[in-house]
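This structure is in structure tokens; I'll ask about it shortly.
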Amino acid sequence: MTSHQIRQAFLDFFQSKEHLIVPSAPLVAKNDPTLMFNNSGMAQFKDYFLGNGTPPARRIADTQKCLRVSGKHNDLEDVGFDTYHHTMFEMLGNWSFGDYFKKEAITWAWELLTDVYQLPKDRLYVSVFEGDAKDGVPFDQEAWDLWKPIVGEERIILGNKKDNFWEMGDTGPCGPCSEIHVDLRPQADVDQVPGKSLVNNDHPQVVEIWNLVFMQFERKADGSLIPLPARHVDTGMGFERLCMAIQGKMSNYDTDVFQNTIQVIETLSGKTYGSDEGPFARLADIAMRVIADHLRAVSFAITDGQLPSNVKAGYVIRRILRRAVRYGYSYLGFTEPFLHQLVPTLAEQFKDVFSELKAQEDFVSRVILEEERSFLRTLESGLKRLDVITAHLTETQQDTIAGDEVFELSDTFGFPVDLTALIAREKGFQIDEEGFQKALAEQKARSRQDAAKEATDWVELRESDGVEFLGYDMPETHSQIVKYRKVKTKTGEEYHIVLDRTPFYAEMGGQVGDTGTLEWTVNGQPQEVKIVDTKKENDLFVHISHDKNLDEALTQAEVILARINTDRREKIMANHTATHLMLSAMREVLGSHVGQKGSFLNDEVLRFDFSHFAKVTDEELRHIEDRVNEKIRENIPLDERRNVPIQQALELGATATFGEKYGDFVRVIVFDPAFSLELCGGTHVPATGEIGLFKFISEGSVSAGVRRVEAITGEKALALMRQQEETLLRLRDLLKAPKDVVKAVESLLEERTALQKRIEVLENEKIQQLKTQLMGRVQTVNGANLIIEKVEVPTADALKQLAYALRPQVDNLIAVLATDIQGKPQLAVYIAEELVKEKGLHAGQIVKELAKEIRGGGGGQPFFATAGGTDASGLDRALAKASSLF
């Protein structure tokens, strides 16, 4: 079979199993900040598994373009050197969203591989999850029992959590998986070493080709597992490896997936792939594999909207492209652009499956051509520079290229650091990765400083020895303007103003900067500048204003009144003090391991990140909340200690704030020495009673081992509680339950459940009545008993139940049933298995033909199939057509 036939056979097979065939998502990830590129078949369906959307069908199949060249999934280093790793690859997959589960997934996988693809059964092995005592997940007995009669115990391997338990992330849907491996070794090797012993041992000819994931659990934030309300199936089969297995090759690159491209590379380079001639034959083969692989990744990434660049995803594509160019230059003799000449071959090959490349063939070729020209201009000189560096290392008996030299190759010659590392490795050297990162960071810092200097020249108005911050003690102060500057922003222009003394707190330690006004008089005319934020730059307090045309007014100002927004500041202080009380309460309730990992607090909310190994339970949150409110009611006065020697403060037991830098003298904030004592530069209420009220509004995970809470205080907390009270009162009125709303809701739910059961009973009775009526309308035609009728049922599932209810009652049955469910026509076709075998009938094919009359589509198995449509007026025509078929 050709690769095209193999791919189409997969899609056709699952379409026959009532799967909706959907197109591949773009290679470039859209609307997912966690991914640069789609790196797996399930990526485009992630929201469905997380419950954030509804899939277009409960059964779906596709082939997905994937890219793995960065982050956790990074295959770039292996590409070209082995037979089966790729940057871009296709992932064939079939999906069930709460529909079928293990039985169907396993039996269909075996049917496709052995009956359709004709892979030898004695070369296939399967693995099942052995269980994990720590997670409390048992051995996957169900999968074992399903596989045992298919392959026999001797071909089943038990896999651990690493190999046979799939998880989307730290939290979310997860479950055991069952992998299918194929042994492609020569028979002589098979006779000597059983393939079972080589599974999951990185043997190039004993490889996994299909992974069947059974999502039946949800991983909670505390690490526990609970059963999902609906179980799902997520499978992924590597298309390139499948082609290798079916076409009997020892390498993915020997299949027709890559051979078309490799043959053109042979023609352009004058070298033969797989030749043993010459000292660089192996390197030439590696180069051809790298180029054939990288061409796909680069071409489809550009097609899907990601152009090569120097940042983020664009830089990844540029790295891949330059790696391919360098291999062509070094080992195939390409000194002129060549990669773009391969695009037409690739576009032609994939025109029937990923037609977007064919449509953009010229554009993609031009982009690649320009990238090649740019890199080739510096490649030769860069390689020469690298030769000089390595020659010196050889002379001095060193084996590591210095970080600043790696940076020079990147900055001057355009060598991505991984390309330099690759070339160095080929020559027997390594690179100083840490030194490179340091040189890169220093260059970025210089760039930022230069950019700041160019964009923000200060206008000096008077000399000053520094800025005096008075905001701990007073909300306003008389000051003078020391200097100002204008800064261009994305939204326009803003003024940065520095005063000799200020009450404005600059954003630090998670607390936002103050807002307020600067006021003064010039020639009897009052002047006012609105300050929208305050930030700290080195030791300067920078007051930011969005007011326009301030140059003249600022220059003329002599003495000004700097006044903060006191109402806003008081709310910020309440949230900041509440954060201190909350941290102390957390340590009491959760344990002394709790430490601050970050915070943000303004006048609206306080957000706090902290170290903790599990989800904070509702009961624990209540205990923390109660403890904070207890301290608020105690109205503990602020004990502020300034200029305390750092060592003395630490000996007192003061807790340092995450991310803060401390000098020799610090400020200590105390609210009851036995409860809350912290190093802090922020502003606080004079007594805890001024906080008023503390209320949590959320708790969740930030990352492994880090949790986040959000809370509100004072008027915000009171408003939330009033809103909740109003909601409760409204519910009481609606439920007519003045005393016990919970009991009323429980009663309502019980009544609803009872009604649902009653409806189910009535619907079943109706189906039984319909069954009896239909049995009286059986017509015998050519040895078959026909029931072709339009019926009234409430749901498509009820139509299916009716067909299955008729099955044991009527021998040699052919049933074609039609119904109109609120304007949505539905068809169901059942054919007795005896008739399927004797007469070659196929319910799926028949229902597709009938569905044309209702402007719809469908499919299914030979003995049962369904269809839906949009034109209910066509149901009678569909039934008439059915009568003519038999």
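The values are calculated or read from the model by the stated rules, or taken from the named source; none is laboratory data. Computed from a predicted structure; not experimentally measured. No Cβ is skipped: glycine too gets one built from the backbone with ideal geometry, and neighbour counts run over all protein chains shown.
Kindly evaluate E834 against the criterion of being acidic (D, E), on the phi < 0 side of the Ramachandran plot and part of a loop (DSSP other than H, G, I, E, B).
no
Still on this structure, I have one more. Do we find that L749 is assigned by TED's automatic domain parsing to the domain that holds Q596 and of a type in the set (A, V, I, L, M) in this structure?
No.
On the given criteria, is P194 within 21 Å of W110 (Cβ to Cβ) and surrounded by 22 or more Cβ atoms within 10 Å (Cβ to Cβ)?
So P194 does not fit the description; no.
Please state which of the following conditions A865 fails to meet, knowing it meets all the rest: (1) surrounded by 18 or more Cβ atoms within 10 Å (Cβ to Cβ); (2) out of contact with any Phe, Trp or Tyr (no Cβ under 9 Å at 6 or more places or on another chain); (3) over 20 Å from R777 (Cα atoms).
Of the numbered conditions (1) surrounded by 18 or more Cβ atoms within 10 Å (Cβ to Cβ); (2) out of contact with any Phe, Trp or Tyr (no Cβ under 9 Å at 6 or more places or on another chain); (3) over 20 Å from R777 (Cα atoms), the odd one out for A865 is (2).
Then there is this: Criterion first (outside the structural domain of G328 (by TED's automatic domain parsing), out of contact with any Gly (no Cβ under 6 Å at 6 or more places or on another chain) and at pLDDT 85 or above) does P229 satisfy it?
No, not satisfied.
Name the one entry in L748, L762 that is surrounded by 10 or more Cβ atoms within 10 Å (Cβ to Cβ), among the hydrophobic types (A, V, I, L, M, F, W, C), part of a helix (DSSP H, G or I) and at pLDDT below 90.
Answer to the check: L762.
Pairs needed: first member in region 202-229, over 17 Å from K102 (Cα atoms) and among the small types (G, A, S); second member anywhere, surrounded by fewer than 17 Cβ atoms within 10 Å (Cβ to Cβ) and modelled with pLDDT of 90 or more; C-beta distance under 9 Å; at least 6 residues apart or different chains.
Matching pairs, first to second residue: A221/G700.
Considering each residue of region 8-23, count those that are among the aliphatic types (A, V, I, L, M), buried (at least 17 other Cβ atoms within 10 Å of the Cβ) and in a helix (DSSP H, G or I), and give that number.
1
Based on this model, can you work out whether R758 counts as within 24 Å of D797 (Cβ to Cβ), free of Cβ contacts under 8 Å to residues at least 12 places away in the same chain and among the basic types (K, R)?
Yes, satisfied.
Answer with yes or no whether L119 is touching a residue at least 40 places away in the same chain (Cβ under 8 Å), in a loop (DSSP other than H, G, I, E, B) and in contact with a Leu (Cβ under 6 Å, 6 or more places away or on another chain).
yes
Could you list all residues from region 295-320 that are charged (D, E, K, R) and surrounded by 24 or more Cβ atoms within 10 Å (Cβ to Cβ)?
Hit for region 295-320 is R296, nothing else.
Just for strands (runs of 3 or more DSSP E) wholly inside region 543-636: which have at least 1 residues that are within 25 Å of K483 (Cβ to Cβ) and touching an Asp or Glu at 6+ places or on another chain (Cβ under 7 Å)?
In region 543-636, 560-564 are the strands (runs of 3 or more DSSP E) which contain 1 or more residues that are within 25 Å of K483 (Cβ to Cβ) and touching an Asp or Glu at 6+ places or on another chain (Cβ under 7 Å).
Filter region 164-182 for residues that are more than 22 Å from G98 (Cβ to Cβ) and modelled with pLDDT under 95; which is surrounded by the fewest Cβ atoms within 10 Å (Cβ to Cβ)?
That would be D170.
Residues that are touching a helix residue (DSSP H, G or I) at 6+ places or on another chain (Cβ under 7 Å): find the helices (runs of 4 or more DSSP H) completely inside region 166-279 holding 2 or more of those.
239-246, 256-269
Here's another thing I want to ask about it. Report, by residue number, each residue of region 35-83 that is at pLDDT 85 or above and assigned to a strand (DSSP E or B).
Passing the criteria: F37, R59, I60, A61, D62, T63, Q64, K65, C66, L67.
Filter region 134-163 down to residues that are hydrophobic (A, V, I, L, M, F, W, C) and modelled with pLDDT under 90, then give me how many there are.
Summing the residues that are hydrophobic (A, V, I, L, M, F, W, C) and modelled with pLDDT under 90 in region 134-163 gives 1.
Can you tell me which residue in region 824-843 is farthest from F863 (Cα to Cα), limited to those that are small (G, A, S) and at pLDDT 90 or above?
Once the filter is applied, the top-ranked residue is A828.
Right, another one. Mind listing just one residue for me: the one in region 786-820 that is in contact with an Asp or Glu (Cβ under 9 Å, 6 or more places away or on another chain) and assigned to a helix (DSSP H, G or I) and, of those, nearest to E838 (Cα to Cα)?
The extreme case among them is Q801.
Does region 619-628 contain at least one residue that is surrounded by fewer than 18 Cβ atoms within 10 Å (Cβ to Cβ), assigned by TED's automatic domain parsing to the domain that holds K483 and farther than 23 Å from F469 by Cα?
Within region 619-628, none of the residues are surrounded by fewer than 18 Cβ atoms within 10 Å (Cβ to Cβ), assigned by TED's automatic domain parsing to the domain that holds K483 and farther than 23 Å from F469 by Cα.
Further question: Just to be sure I understand, how many residues within region 501-517 are assigned to a strand (DSSP E or B) and either acidic (D, E) or within 17 Å of K530 (Cβ to Cβ) (or both)?
Total meeting the criteria: 4.
Do the conditions hold for S747, that is, is it over 38 Å from the mean Cα position of the chain (by Cα) and not charged (D, E, K, R)?
yes
Among the residues of region 117-163, which ones are surrounded by fewer than 16 Cβ atoms within 10 Å (Cβ to Cβ), within 31 Å of the chain's Cα centre (by Cα) and at positive phi?
Within region 117-163, just G136 meets the criteria.
Looking only at region 511-566, which residues are within 41 Å of the chain's Cα centre (by Cα) and exposed (fewer than 13 other Cβ atoms within 10 Å of the Cβ)?
E537, N538, D539
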